[in-house]
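To start, the structure itself, in structure tokens.
The values are calculated or read from the model by the stated rules, or taken from the named source; none is laboratory data. Everything numeric in this text was worked out from a predicted model, so none of it was measured. Please note: Cβ atoms are built from the backbone with ideal geometry, for glycine as well, and neighbour counts cover all protein chains shown. Note: areas computed on protein heavy atoms with side chains; ligands, DNA, RNA excluded. Shrake-Rupley method; radii C 1.70, N 1.55, O 1.52, S 1.80 Å.
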Number of protein chains: 2
Amino acid sequence: MRNLKFVIEYNGADFFGWQRQEGKRTVQGELERAFFELTKEKVIFEGSGRTDKGVHAFGQVASVKTDAKIPLKNLKLTFNNLLPTDIRIVRVENAPDDFHARFSAKRKTYLYIAKVGGERSAIDCKTVGFYPYKVDFEKMKNASLQLVGKHNFKAFSAADTSVKNFEREIFDVKLSRRGQLIKFEISGNGFLYNMVRIIVGSLLDIGRGKLDENSIKNAFKNCNRNTLGKTMEPNGLYLKSVKYL
Amino acid sequence: MRNLKFVIEYNGADFFGWQRQEGKRTVQGELERAFFELTKEKVIFEGSGRTDKGVHAFGQVASVKTDAKIPLKNLKLTFNNLLPTDIRIVRVENAPDDFHARFSAKRKTYLYIAKVGGERSAIDCKTVGFYPYKVDFEKMKNASLQLVGKHNFKAFSAADTSVKNFEREIFDVKLSRRGQLIKFEISGNGFLYNMVRIIVGSLLDIGRGKLDENSIKNAFKNCNRNTLGKTMEPNGLYLKSVKYL
């Protein structure tokens, strides 16, 4: 039995998210279907985490236990030929027996791309989130520094979560701007449900002046979702990379 | 009765092209449905031309004869609210009675974006065409100059066309490169079916060395589709603008 590590890119626009669901087109479902077509073996693609409907990935990672003997190089090529063009295997390699894409993950990086001000673009409607107001970019950059470190992120998670431990560590936050597009790159040891989309919505509301510039710092204490900004739409969100070590 | 000129942007990924078709999601169909919802009036959106399944537009133009009295500014706003996010009205203005988006058009510009070499990208699978080989960019640029002027473009049209007159004038061709992406911008007085996609496929084949560098010039004489390159996929193609006057 081999343990394989897949690095996977996908455009989430036409998927009901990562997780396999009966009768719905999902990334995990397509991967497992194509792998069966290739090897006649039923395997599980254990992802580093789920992504929602509409969310994209440059570097989702999945681990797969398989008896298939096909060489790595051929595997990538033939597997990609069986996959739809909105999923691509970027890399596949042998992993140690105890490697697990979710449990072994040490650092995840998400990218969010937002168009700020002006009007929605039709061309980018599936790949860029839209925020209809003008913002003070320097104010947002300053506020984003409050995120770095170990904090209680309860206020930054979807209300209906079943998670018990809300402590997460953010390693790094980078904001960059080009014209009306703002990119948010956020690395941490793990993320709660909707956490990145709530962070981005809150930073934008701070930049607009709708939220106080200490809202993030304050939310670590008040733990109240309602003191933060709205959850940005999924289509601007990308899982950029997952690191192990 | 007013005659309105609409400038329309759309992402063609989820449409069966521009033209209204019973039971299929098309750009014209969605525009006419939303306009009816707004005004209770059945109108026709006369496009400057059809675009195929998967082809996008930044600046498609349509003319519409209507009795609706709604002011232009409100019209754009309320109409966009009724349209799906993959269609946006960029501009709407009053046009002279005799203005017709197709018959009055003087100059059309298409953009094609191709990823050249390397591997397909999943994220861009709906918005960039893929060409798997390395190319000599300068060779392509030189060959593209042969397109400019009035020529018989019979060899550059889909074989099953019912068109009788194949003379078209190309005003301008611009090629630019950034990393693995090559952009082709082509302006002319009109285009045959698949013409832009065949031009791009042929220039790429010239750049790869599969076609002779005089293939374009020669095709104006031999009028033989088989002497040119393949028809590139629709998803890299954008109708950029239509000019009148």
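Can you name every residue in segment A:63-77 that is more than 14 Å from chain B (Cβ to nearest Cβ) and either of a type in the set (V, I, T) or touching a strand residue (DSSP E or B) at 6+ places or on another chain (Cβ under 7 Å) (or both)?
A:S63, A:V64, A:K65, A:T66, A:I70, A:L72, A:L75
Within the bounds of segment B:165-174, is there any residue that is of a type in the set (K, R) and farther than 30 Å from A:N80 by Cβ?
Yes, that holds for at least one residue.
If you take the residues in segment A:145-160 that are out of contact with any strand residue (DSSP E or B) (no Cβ under 9 Å at 6 or more places or on another chain) and open to solvent by less than 10 Å² (accessible area, probe 1.4 Å), which one is farthest from A:N194 (Cα to Cα)?
Once the filter is applied, the top-ranked residue is A:A155.
Could you count how many residues in segment B:35-46 are open to solvent by less than 10 Å² (accessible area, probe 1.4 Å) and not in a loop (DSSP other than H, G, I, E, B)?
1
This table checks each residue for (1) closer than 25 Å to A:G188 by Cβ; (2) within 14 Å of chain B (Cβ to nearest Cβ).
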{"residue": "A:M1", "(1), (2)": "no, no"}
{"residue": "A:K5", "(1), (2)": "yes, no"}
{"residue": "A:D14", "(1), (2)": "no, yes"}
{"residue": "A:R20", "(1), (2)": "no, no"}
{"residue": "A:K24", "(1), (2)": "no, no"}
{"residue": "A:E41", "(1), (2)": "no, no"}
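Quick one: would you say A:A105 is open to solvent by less than 50 Å² (accessible area, probe 1.4 Å) and without any contact (Cβ under 8 Å) to a residue 12 or more places away in the chain?
no
Could you tell me how many of the residues in segment B:47-59 are open to solvent by less than 70 Å² (accessible area, probe 1.4 Å) and either within 13 Å of chain A (Cβ to nearest Cβ) or within 8 Å of the chain's Cα centre (by Cα) (or both)?
6
Within segment A:69-94, can you find the residues that are assigned to a loop (DSSP other than H, G, I, E, B) and either in the same structural domain as A:L239 (by TED's automatic domain parsing) or more than 30 Å from A:V173 (Cβ to Cβ) (or both)?
Hits for segment A:69-94 are A:K69, A:I70, A:P71, A:L83, A:P84, A:T85.
Taking the condition under 18 Å from A:P234 (Cα atoms) and in a loop (DSSP other than H, G, I, E, B), does A:G49 pass?
Yes, satisfied.
Could we say that B:I199 is part of a helix (DSSP H, G or I) and either under 16 Å from B:Q60 (Cα atoms) or in the same structural domain as B:P132 (by TED's automatic domain parsing) (or both) here?
Answer is yes for this residue.
Could you please find all residues in segment A:113-144 being among the β-branched types (V, I, T), open to solvent by 10 Å² or more (accessible area, probe 1.4 Å) and more than 14 Å from every other protein chain (Cβ to nearest Cβ)?
Across segment A:113-144, the qualifying residue is only A:V135.
Test of understanding: among A:K174, A:K183, A:K230, A:K217, which residue is open to solvent by 70 Å² or more (accessible area, probe 1.4 Å) and in a loop (DSSP other than H, G, I, E, B)?
Checking each option against the conditions leaves just A:K230.
Being free of Cβ contacts under 8 Å to residues at least 40 places away in the same chain, more than 14 Å from chain A (Cβ to nearest Cβ) and open to solvent by 10 Å² or more (accessible area, probe 1.4 Å) is the requirement here; does B:N165 meet it?
Here the answer is yes, as B:N165 does meet what is asked.
How about segment A:2-34: which of its residues are on the phi < 0 side of the Ramachandran plot and part of a loop (DSSP other than H, G, I, E, B)?
Residues satisfying the conditions are A:N11, A:F15, A:F16, A:W18, A:Q19, A:R20, A:Q21, A:E22, A:K24, A:R25, A:T26.
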